[in-house]
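Remarks on the structure that follows.
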Amino acid sequence: MAGRNFLFVPGPTNVPDRVLRAMAVPMEDHRSPIFPELTRACLQTLKPVFKTTSASPILFPSSGTGCWEAALTNCLNPGDKILASRFGQFSHLWVDMCIRLGFDVEVLETPWGEGAPVERYLASLSADKQHKIKAVLVCQNETATGVTSDVAAIRRALDSVKHPALLFVDSVSALASIDFRMDEWGVDVCVSGSQKGLMLPAGMGITCVSQKALEAAKTAKSRRCYFDYADMVNANASGYFPYTPSIPMLYGLRESLAMLAEEGLENVFKRHSYLAGGVRAAVLEGWKLKLCATSPKWHSDTVSAIMVPDGINGADVIARAFKRYNLALGAGLSKVAGKLFRIGHLGDLNELMLLGALGGAEMAMLDSGVKVEPGSGAAAAQNFWRSNPAASSQKAA
Ligand SMILES: Cc1ncc(COP(=O)(O)O)c(C=O)c1O
(Lines give C-alpha, C1' and ligand atoms only; values in the text may rest on other atoms or scores of the structure.)
Protein backbone atom coordinates (compact mmCIF):
# COMPACT_ATOMS: atom_id res chain seq x y z
CA MET A 1 0.00 0.00 0.00
CA ALA A 2 1.25 3.47 -0.79
CA GLY A 3 1.91 5.86 2.10
CA ARG A 4 2.71 5.07 5.67
CA ASN A 5 1.03 2.49 7.79
CA PHE A 6 -0.77 4.35 10.58
CA LEU A 7 0.20 2.57 13.76
CA PHE A 8 -2.35 3.39 16.44
CA VAL A 9 -2.32 0.34 18.63
CA PRO A 10 -1.43 1.19 22.23
CA GLY A 11 2.01 -0.31 21.80
CA PRO A 12 4.17 -0.97 20.02
CA THR A 13 4.12 2.74 19.25
CA ASN A 14 5.78 4.74 16.50
CA VAL A 15 9.55 4.73 16.81
CA PRO A 16 10.87 8.22 16.02
CA ASP A 17 13.31 8.43 13.11
CA ARG A 18 15.94 9.77 15.50
CA VAL A 19 15.69 6.61 17.57
CA LEU A 20 15.74 4.37 14.50
CA ARG A 21 18.89 6.09 13.27
CA ALA A 22 20.52 5.79 16.68
CA MET A 23 19.82 2.06 16.61
CA ALA A 24 21.43 1.48 13.22
CA VAL A 25 24.82 0.60 14.69
CA PRO A 26 27.33 -2.12 14.00
CA MET A 27 27.69 -4.68 16.76
CA GLU A 28 30.44 -4.10 19.25
CA ASP A 29 32.09 -5.84 22.18
CA HIS A 30 29.76 -5.56 25.15
CA ARG A 31 32.74 -6.28 27.41
CA SER A 32 34.91 -3.50 26.00
CA PRO A 33 36.38 -0.87 28.34
CA ILE A 34 34.12 1.84 26.86
CA PHE A 35 30.84 -0.10 27.02
CA PRO A 36 30.03 1.04 30.59
CA GLU A 37 29.51 4.59 29.31
CA LEU A 38 26.45 3.41 27.37
CA THR A 39 25.09 1.31 30.22
CA ARG A 40 25.51 4.10 32.74
CA ALA A 41 23.99 6.73 30.44
CA CYS A 42 20.86 4.57 30.09
CA LEU A 43 20.50 3.61 33.74
CA GLN A 44 21.22 7.07 35.14
CA THR A 45 18.90 8.84 32.72
CA LEU A 46 16.11 6.38 33.45
CA LYS A 47 16.02 7.40 37.12
CA PRO A 48 14.27 10.74 36.54
CA VAL A 49 11.79 8.99 34.24
CA PHE A 50 10.84 6.74 37.17
CA LYS A 51 11.13 9.79 39.48
CA THR A 52 13.55 8.04 41.76
CA THR A 53 16.91 8.78 43.26
CA SER A 54 17.27 5.64 45.36
CA ALA A 55 15.80 2.77 43.31
CA SER A 56 17.67 0.78 40.66
CA PRO A 57 16.48 0.70 37.06
CA ILE A 58 17.04 -2.72 35.49
CA LEU A 59 16.91 -3.67 31.80
CA PHE A 60 15.99 -7.21 30.85
CA PRO A 61 16.09 -8.50 27.29
CA SER A 62 12.41 -9.41 27.55
CA SER A 63 9.18 -7.49 27.37
CA GLY A 64 7.03 -6.15 30.19
CA THR A 65 5.83 -9.66 30.99
CA GLY A 66 9.36 -10.70 31.94
CA CYS A 67 9.47 -7.84 34.44
CA TRP A 68 6.18 -9.02 36.01
CA GLU A 69 7.79 -12.40 36.53
CA ALA A 70 11.00 -10.86 37.84
CA ALA A 71 9.09 -8.86 40.46
CA LEU A 72 7.29 -11.94 41.75
CA THR A 73 10.18 -14.41 41.74
CA ASN A 74 12.82 -12.06 43.11
CA CYS A 75 10.92 -10.58 46.02
CA LEU A 76 8.59 -13.34 47.22
CA ASN A 77 8.77 -16.80 48.75
CA PRO A 78 6.88 -19.71 47.22
CA GLY A 79 3.21 -19.63 48.21
CA ASP A 80 3.31 -16.06 49.55
CA LYS A 81 0.04 -14.15 49.66
CA ILE A 82 -0.50 -11.40 47.10
CA LEU A 83 -3.32 -8.82 46.93
CA ALA A 84 -4.28 -7.76 43.40
CA SER A 85 -7.20 -6.36 41.46
CA ARG A 86 -8.35 -7.44 38.03
CA PHE A 87 -10.29 -5.20 35.65
CA GLY A 88 -8.91 -5.88 32.18
CA GLN A 89 -6.79 -8.30 30.20
CA PHE A 90 -3.42 -7.11 31.51
CA SER A 91 -4.33 -7.00 35.19
CA HIS A 92 -5.89 -10.42 34.54
CA LEU A 93 -2.70 -11.80 32.98
CA TRP A 94 -0.55 -10.63 35.90
CA VAL A 95 -2.92 -12.34 38.35
CA ASP A 96 -2.86 -15.44 36.17
CA MET A 97 0.94 -15.43 36.29
CA CYS A 98 0.87 -15.19 40.10
CA ILE A 99 -1.42 -18.23 40.23
CA ARG A 100 0.68 -20.20 37.73
CA LEU A 101 3.80 -19.46 39.76
CA GLY A 102 2.11 -20.89 42.82
CA PHE A 103 1.37 -17.75 44.82
CA ASP A 104 -1.76 -17.37 46.92
CA VAL A 105 -3.62 -14.48 45.31
CA GLU A 106 -6.52 -12.54 46.82
CA VAL A 107 -8.15 -11.09 43.73
CA LEU A 108 -10.35 -8.01 43.95
CA GLU A 109 -12.63 -8.66 40.98
CA THR A 110 -13.62 -5.31 39.52
CA PRO A 111 -15.86 -4.49 36.55
CA TRP A 112 -13.95 -3.89 33.32
CA GLY A 113 -14.12 -0.14 32.74
CA GLU A 114 -13.29 0.73 36.35
CA GLY A 115 -9.86 1.03 37.96
CA ALA A 116 -8.17 -0.22 41.10
CA PRO A 117 -10.75 -0.25 43.94
CA VAL A 118 -8.87 1.65 46.63
CA GLU A 119 -11.47 1.13 49.38
CA ARG A 120 -11.40 -2.63 48.85
CA TYR A 121 -7.60 -2.71 48.92
CA LEU A 122 -7.82 -0.80 52.19
CA ALA A 123 -10.39 -3.23 53.62
CA SER A 124 -8.24 -6.26 52.74
CA LEU A 125 -5.08 -4.67 54.08
CA SER A 126 -6.67 -3.59 57.33
CA ALA A 127 -8.20 -7.06 57.83
CA ASP A 128 -4.74 -8.61 57.37
CA LYS A 129 -3.59 -8.09 60.96
CA GLN A 130 -0.90 -10.75 60.68
CA HIS A 131 0.59 -9.20 57.57
CA LYS A 132 0.24 -12.32 55.49
CA ILE A 133 -0.03 -10.22 52.35
CA LYS A 134 3.53 -9.80 51.11
CA ALA A 135 2.90 -7.88 47.90
CA VAL A 136 0.19 -5.59 46.56
CA LEU A 137 -0.22 -5.40 42.78
CA VAL A 138 -1.71 -2.48 40.86
CA CYS A 139 -2.00 -1.92 37.13
CA GLN A 140 -1.55 1.84 36.73
CA ASN A 141 -2.93 1.93 33.22
CA GLU A 142 -5.08 -0.97 32.04
CA THR A 143 -4.38 -0.91 28.32
CA ALA A 144 -7.26 -3.23 27.45
CA THR A 145 -9.94 -0.88 28.76
CA GLY A 146 -8.24 2.54 28.72
CA VAL A 147 -8.42 2.98 32.47
CA THR A 148 -5.90 4.73 34.73
CA SER A 149 -5.78 3.97 38.44
CA ASP A 150 -4.66 6.05 41.39
CA VAL A 151 -1.41 4.47 42.57
CA ALA A 152 -0.78 7.17 45.18
CA ALA A 153 -4.11 6.24 46.82
CA ILE A 154 -3.01 2.60 47.11
CA ARG A 155 0.17 3.75 48.84
CA ARG A 156 -1.95 5.84 51.23
CA ALA A 157 -4.09 2.76 51.94
CA LEU A 158 -0.97 0.74 52.81
CA ASP A 159 0.39 3.52 55.01
CA SER A 160 -2.89 4.18 56.77
CA VAL A 161 -2.86 0.68 58.25
CA LYS A 162 0.95 0.55 58.48
CA HIS A 163 1.03 -2.49 56.24
CA PRO A 164 4.57 -3.55 55.26
CA ALA A 165 3.68 -5.32 51.98
CA LEU A 166 5.72 -4.49 48.92
CA LEU A 167 3.95 -2.39 46.28
CA PHE A 168 4.37 -3.60 42.68
CA VAL A 169 3.02 -1.37 39.91
CA ASP A 170 2.51 -2.22 36.26
CA SER A 171 3.29 1.01 34.44
CA VAL A 172 3.82 -0.61 31.04
CA SER A 173 1.44 1.75 29.24
CA ALA A 174 1.89 4.72 31.58
CA LEU A 175 5.61 5.28 32.14
CA ALA A 176 6.95 8.29 30.24
CA SER A 177 3.41 9.26 29.18
CA ILE A 178 1.36 9.51 32.40
CA ASP A 179 2.93 10.72 35.65
CA PHE A 180 4.58 7.98 37.69
CA ARG A 181 6.43 8.65 40.96
CA MET A 182 8.50 5.76 42.27
CA ASP A 183 9.89 7.46 45.39
CA GLU A 184 6.96 9.67 46.34
CA TRP A 185 4.46 6.81 46.01
CA GLY A 186 6.74 4.32 47.75
CA VAL A 187 6.63 1.89 44.84
CA ASP A 188 8.86 -1.14 45.34
CA VAL A 189 8.85 -2.49 41.80
CA CYS A 190 7.72 -0.62 38.73
CA VAL A 191 7.28 -2.81 35.66
CA SER A 192 7.46 -1.36 32.18
CA GLY A 193 8.65 -2.04 28.67
CA SER A 194 10.34 -0.41 25.74
CA GLN A 195 7.54 -0.30 23.17
CA LYS A 196 5.13 2.27 24.60
CA GLY A 197 5.96 5.70 26.06
CA LEU A 198 9.67 5.06 25.63
CA MET A 199 9.13 4.95 21.86
CA LEU A 200 11.40 1.96 21.21
CA PRO A 201 10.83 -1.33 19.45
CA ALA A 202 9.43 -4.13 21.60
CA GLY A 203 11.98 -6.39 23.25
CA MET A 204 13.31 -4.68 26.35
CA GLY A 205 11.76 -5.09 29.77
CA ILE A 206 12.35 -1.91 31.74
CA THR A 207 11.83 -2.12 35.45
CA CYS A 208 12.85 -0.24 38.57
CA VAL A 209 13.43 -1.82 41.97
CA SER A 210 13.48 -0.12 45.38
CA GLN A 211 16.12 -0.78 48.02
CA LYS A 212 13.41 -2.45 50.12
CA ALA A 213 12.63 -4.85 47.26
CA LEU A 214 16.32 -5.57 46.65
CA GLU A 215 16.65 -6.33 50.37
CA ALA A 216 13.66 -8.71 50.18
CA ALA A 217 15.29 -10.38 47.17
CA LYS A 218 18.31 -11.30 49.28
CA THR A 219 16.29 -13.81 51.29
CA ALA A 220 13.36 -14.59 48.96
CA LYS A 221 13.42 -18.25 48.04
CA SER A 222 11.40 -18.33 44.81
CA ARG A 223 13.44 -19.86 42.03
CA ARG A 224 14.81 -17.56 39.39
CA CYS A 225 17.92 -17.40 37.28
CA TYR A 226 17.74 -15.39 34.06
CA PHE A 227 15.67 -12.70 35.78
CA ASP A 228 17.74 -12.50 38.95
CA TYR A 229 17.90 -8.89 40.16
CA ALA A 230 21.15 -9.41 42.06
CA ASP A 231 23.02 -10.72 39.00
CA MET A 232 21.85 -7.69 37.06
CA VAL A 233 22.52 -5.06 39.73
CA ASN A 234 25.97 -6.48 40.45
CA ALA A 235 26.99 -6.52 36.79
CA ASN A 236 25.46 -3.09 36.15
CA ALA A 237 27.51 -1.60 39.00
CA SER A 238 30.59 -1.90 36.79
CA GLY A 239 28.67 -0.92 33.64
CA TYR A 240 28.17 -4.43 32.26
CA PHE A 241 25.40 -7.03 31.97
CA PRO A 242 25.36 -10.64 33.18
CA TYR A 243 24.64 -11.77 29.62
CA THR A 244 24.66 -10.20 26.16
CA PRO A 245 22.42 -7.13 26.08
CA SER A 246 20.64 -5.92 22.96
CA ILE A 247 23.18 -3.30 21.93
CA PRO A 248 20.97 -1.46 19.39
CA MET A 249 18.22 -1.23 22.02
CA LEU A 250 20.61 0.45 24.43
CA TYR A 251 21.55 3.04 21.79
CA GLY A 252 17.88 3.52 21.03
CA LEU A 253 17.06 3.92 24.71
CA ARG A 254 19.79 6.51 25.17
CA GLU A 255 18.30 8.49 22.28
CA SER A 256 14.69 8.21 23.41
CA LEU A 257 15.69 9.30 26.91
CA ALA A 258 17.46 12.30 25.36
CA MET A 259 14.27 13.16 23.46
CA LEU A 260 12.18 12.94 26.63
CA ALA A 261 14.65 15.15 28.48
CA GLU A 262 14.64 17.71 25.66
CA GLU A 263 10.85 17.95 25.67
CA GLY A 264 10.76 17.80 29.48
CA LEU A 265 8.94 14.98 31.21
CA GLU A 266 6.17 17.24 32.52
CA ASN A 267 5.61 18.55 28.97
CA VAL A 268 5.46 14.97 27.74
CA PHE A 269 2.66 14.27 30.26
CA LYS A 270 0.85 17.47 29.24
CA ARG A 271 1.12 16.54 25.57
CA HIS A 272 -0.37 13.13 26.26
CA SER A 273 -3.22 14.61 28.24
CA TYR A 274 -3.89 17.24 25.58
CA LEU A 275 -3.85 14.72 22.71
CA ALA A 276 -6.05 12.36 24.70
CA GLY A 277 -8.51 15.21 25.28
CA GLY A 278 -8.92 15.58 21.52
CA VAL A 279 -9.51 11.86 21.04
CA ARG A 280 -12.10 11.80 23.82
CA ALA A 281 -13.83 14.82 22.30
CA ALA A 282 -14.00 12.93 18.98
CA VAL A 283 -15.48 9.85 20.66
CA LEU A 284 -17.91 11.45 23.09
CA GLU A 285 -18.94 14.71 21.41
CA GLY A 286 -18.28 13.97 17.73
CA TRP A 287 -19.24 10.34 17.28
CA LYS A 288 -21.49 10.25 20.36
CA LEU A 289 -20.09 6.86 21.34
CA LYS A 290 -19.07 5.61 24.76
CA LEU A 291 -15.69 4.81 26.20
CA CYS A 292 -15.11 1.58 28.07
CA ALA A 293 -13.87 3.67 31.03
CA THR A 294 -17.09 4.21 32.95
CA SER A 295 -16.23 7.56 34.50
CA PRO A 296 -13.94 10.50 33.66
CA LYS A 297 -11.87 9.69 36.76
CA TRP A 298 -10.67 6.54 35.00
CA HIS A 299 -9.93 8.15 31.61
CA SER A 300 -6.53 7.13 30.31
CA ASP A 301 -4.29 9.65 28.60
CA THR A 302 -2.52 6.92 26.62
CA VAL A 303 -5.30 4.76 25.21
CA SER A 304 -9.01 5.14 24.52
CA ALA A 305 -11.14 2.00 24.31
CA ILE A 306 -14.18 2.93 22.21
CA MET A 307 -17.37 0.90 22.54
CA VAL A 308 -19.08 0.10 19.26
CA PRO A 309 -22.90 0.18 19.19
CA ASP A 310 -24.87 -3.05 19.73
CA GLY A 311 -25.11 -5.12 16.58
CA ILE A 312 -21.69 -3.98 15.33
CA ASN A 313 -18.60 -6.14 15.67
CA GLY A 314 -15.59 -4.06 16.70
CA ALA A 315 -13.35 -6.61 14.98
CA ASP A 316 -14.96 -5.67 11.64
CA VAL A 317 -14.10 -2.02 12.20
CA ILE A 318 -10.50 -2.95 13.00
CA ALA A 319 -10.20 -5.25 9.98
CA ARG A 320 -11.69 -2.64 7.66
CA ALA A 321 -9.35 0.07 9.02
CA PHE A 322 -6.36 -2.17 8.47
CA LYS A 323 -7.18 -3.58 5.05
CA ARG A 324 -8.72 -0.55 3.40
CA TYR A 325 -7.07 2.42 5.12
CA ASN A 326 -3.71 1.05 6.27
CA LEU A 327 -4.56 1.97 9.87
CA ALA A 328 -3.79 -0.33 12.79
CA LEU A 329 -6.29 0.05 15.64
CA GLY A 330 -6.15 -1.93 18.90
CA ALA A 331 -8.42 -4.95 19.27
CA GLY A 332 -10.92 -5.71 22.01
CA LEU A 333 -9.27 -8.37 24.17
CA SER A 334 -10.90 -11.29 25.93
CA LYS A 335 -14.15 -10.20 27.66
CA VAL A 336 -14.45 -7.11 25.46
CA ALA A 337 -13.53 -8.81 22.15
CA GLY A 338 -15.78 -7.44 19.40
CA LYS A 339 -17.28 -4.84 21.72
CA LEU A 340 -14.70 -2.12 21.26
CA PHE A 341 -11.70 -0.91 19.36
CA ARG A 342 -8.81 1.01 20.82
CA ILE A 343 -6.85 4.04 19.70
CA GLY A 344 -3.43 4.25 21.26
CA HIS A 345 -2.35 7.85 21.77
CA LEU A 346 1.04 7.49 23.36
CA GLY A 347 4.59 7.99 22.39
CA ASP A 348 5.82 10.06 19.48
CA LEU A 349 2.58 11.73 18.37
CA ASN A 350 1.04 15.05 17.48
CA GLU A 351 -2.39 16.39 16.56
CA LEU A 352 -2.13 15.78 12.83
CA MET A 353 -1.06 12.17 13.22
CA LEU A 354 -4.06 11.62 15.46
CA LEU A 355 -6.38 13.32 12.98
CA GLY A 356 -5.31 10.67 10.48
CA ALA A 357 -6.23 7.93 12.94
CA LEU A 358 -9.57 9.55 13.80
CA GLY A 359 -10.39 9.99 10.10
CA GLY A 360 -9.48 6.39 9.34
CA ALA A 361 -11.41 5.03 12.31
CA GLU A 362 -14.41 7.09 11.27
CA MET A 363 -14.35 5.79 7.69
CA ALA A 364 -13.92 2.21 8.92
CA MET A 365 -16.89 2.66 11.28
CA LEU A 366 -19.09 4.11 8.53
CA ASP A 367 -18.10 1.25 6.22
CA SER A 368 -19.00 -1.23 8.98
CA GLY A 369 -22.44 0.24 9.58
CA VAL A 370 -21.79 2.51 12.58
CA LYS A 371 -24.01 5.55 12.18
CA VAL A 372 -21.62 8.36 13.01
CA GLU A 373 -21.79 11.78 11.37
CA PRO A 374 -19.03 11.95 8.72
CA GLY A 375 -16.34 14.40 9.81
CA SER A 376 -17.73 14.72 13.35
CA GLY A 377 -14.79 13.06 15.10
CA ALA A 378 -12.13 15.18 13.44
CA ALA A 379 -14.21 18.34 13.98
CA ALA A 380 -14.62 17.70 17.70
CA ALA A 381 -10.93 16.90 18.13
CA GLN A 382 -9.92 20.02 16.22
CA ASN A 383 -12.22 22.17 18.36
CA PHE A 384 -10.70 20.68 21.47
CA TRP A 385 -7.11 21.22 20.38
CA ARG A 386 -7.76 24.70 19.00
CA SER A 387 -9.42 25.86 22.20
CA ASN A 388 -6.88 24.38 24.58
CA PRO A 389 -3.34 25.55 25.21
CA ALA A 390 -0.70 23.92 23.01
CA ALA A 391 0.77 20.93 24.72
CA SER A 392 4.42 21.77 24.80
CA SER A 393 6.06 24.93 26.02
CA GLN A 394 8.20 24.78 22.88
CA LYS A 395 5.18 25.31 20.66
CA ALA A 396 3.61 28.62 19.79
CA ALA A 397 0.55 29.37 21.90
C1 LIG B 1 -0.63 -2.74 31.04
C2 LIG B 1 0.21 -3.80 30.40
N3 LIG B 1 0.86 -4.66 31.18
C4 LIG B 1 1.64 -5.62 30.68
C5 LIG B 1 1.76 -5.78 29.33
C6 LIG B 1 2.60 -6.89 28.81
O7 LIG B 1 3.75 -6.33 28.29
P8 LIG B 1 4.56 -7.03 27.12
O9 LIG B 1 3.63 -7.25 25.99
O10 LIG B 1 5.63 -5.99 26.85
O11 LIG B 1 5.12 -8.28 27.68
C12 LIG B 1 1.11 -4.92 28.46
C13 LIG B 1 1.23 -5.06 27.00
O14 LIG B 1 0.60 -4.40 26.23
C15 LIG B 1 0.31 -3.90 29.02
O16 LIG B 1 -0.34 -3.04 28.23
- Query: Can you tell me which residue in region 298-313 is farthest from Asn383 (Cα to Cα), limited to those that are without any contact (Cβ under 8 Å) to a residue 60 or more places away in the chain and under 23 Å from the mean Cα position of the chain (by Cα)?
  - Reply: Met307
- Please list, ordered by first then second residue, the pairs with beta carbon atoms under 6 Å, 6 or more apart or interchain, first in region 221-236 and within 17 Å of Ser210 (Cβ to Cβ), second outside any loop (DSSP other than H, G, I, E, B) and among the hydroxyl-bearing types (Ser, Thr, Tyr). Val233/Ser56
- Go through region 1-84 and tell me which helices (runs of 4 or more DSSP H), entirely inside it, have 2 or more residues that are open to solvent by 30 Å² or more (accessible area, probe 1.4 Å) and more than 16 Å from the ligand (Cβ to nearest atom). 17-23, 35-50
- Can you confirm whether region 342-355 contains a residue that is in contact with a strand residue (DSSP E or B) (Cβ under 7 Å, 6 or more places away or on another chain) and open to solvent by 70 Å² or more (accessible area, probe 1.4 Å)? no
- Query: Tell me, which residue of region 359-373 that is within 20 Å of Lys323 (Cβ to Cβ) and not aliphatic (A, V, I, L, M) is most open to solvent (accessible area, probe 1.4 Å)?
  - Reply: Asp367
- Message: Looking at the structure I just gave you, is Arg324 surrounded by fewer than 18 Cβ atoms within 10 Å (Cβ to Cβ) and closer than 25 Å to Leu275 by Cβ?
- Response: yes
- Item | Qualifying residues in region 268-305 (those that are part of a strand (DSSP E or B) and out of contact with any Cys (no Cβ under 8 Å at 6 or more places or on another chain)) - the one most open to solvent (accessible area, probe 1.4 Å) | Lys290
- Exactly one of Ala258, Ala237, Ala213 is open to solvent by less than 10 Å² (accessible area, probe 1.4 Å) and not aromatic (Phe, Trp, Tyr), and that residue is Ala213
- Message: Of all residues being more than 24 Å from Cys292 (Cβ to Cβ) and of a type in the set (D, E, K, R) in region 85-129, which is least open to solvent (accessible area, probe 1.4 Å)? Just the residue, please.
- Response: Asp128
- Collect the residues in region 283-296 that are among the basic types (Lys, Arg) and touching a residue at least 60 places away in the same chain (Cβ under 8 Å), keeping them in residue-number order. Lys288
- Do we have Leu352 as outside any loop (DSSP other than H, G, I, E, B), of a type in the set (A, V, I, L, M), under 30 Å from Glu255 (Cα atoms) and without any contact (Cβ under 8 Å) to a residue 12 or more places away in the chain here? yes
- Query: Just one of the numbered conditions (1) over 30 Å from Lys339 (Cα atoms); (2) open to solvent by less than 20 Å² (accessible area, probe 1.4 Å); (3) without any contact (Cβ under 8 Å) to a residue 60 or more places away in the chain is not true of Ser160; which one?
  - Reply: (2)
- Task: From the list Gly377, Gly332, pick out the single residue that is within 26 Å of Thr148 (Cβ to Cβ), in contact with a helix residue (DSSP H, G or I) (Cβ under 7 Å, 6 or more places away or on another chain) and either among the charged types (D, E, K, R) or open to solvent by less than 10 Å² (accessible area, probe 1.4 Å) (or both).
- Result: Gly377
- Restricting the search to region 182-232, which residues are away from the ligand (no atom under 16 Å from the Cβ) and touching a Gly at 6+ places or on another chain (Cβ under 9 Å)? Ser210, Lys212, Ser222
- Message: Taking the conditions exactly as written (small (Gly, Ala, Ser) and in contact with a strand residue (DSSP E or B) (Cβ under 7 Å, 6 or more places away or on another chain)), does Ser32 satisfy them or not?
- Response: no
- Note on the structure: Per the filter on region 101-157, residues within 23 Å of the chain's Cα centre (by Cα) and basic (Lys, Arg) are Arg155, Arg156
- Task: Could you list, in sequence order, all residues of region 114-165 that are away from the ligand (no atom under 15 Å from the Cβ) and in a loop (DSSP other than H, G, I, E, B)?
- Result: Pro117, Asp128, Lys129, Gln130, His131, Lys132, Asp150, Val161, Lys162, His163, Pro164, Ala165
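The values are calculated or read from the model by the stated rules, or taken from the named source; none is laboratory data. Keep in mind it's a predicted model, so treat the numbers as computed, not measured. Virtual Cβ from ideal backbone geometry, glycine too; neighbours counted across all protein chains shown. Only protein heavy atoms, including side chains, enter the accessible area calculation; ligands, DNA and RNA are left aside. Shrake-Rupley method; radii C 1.70, N 1.55, O 1.52, S 1.80 Å.
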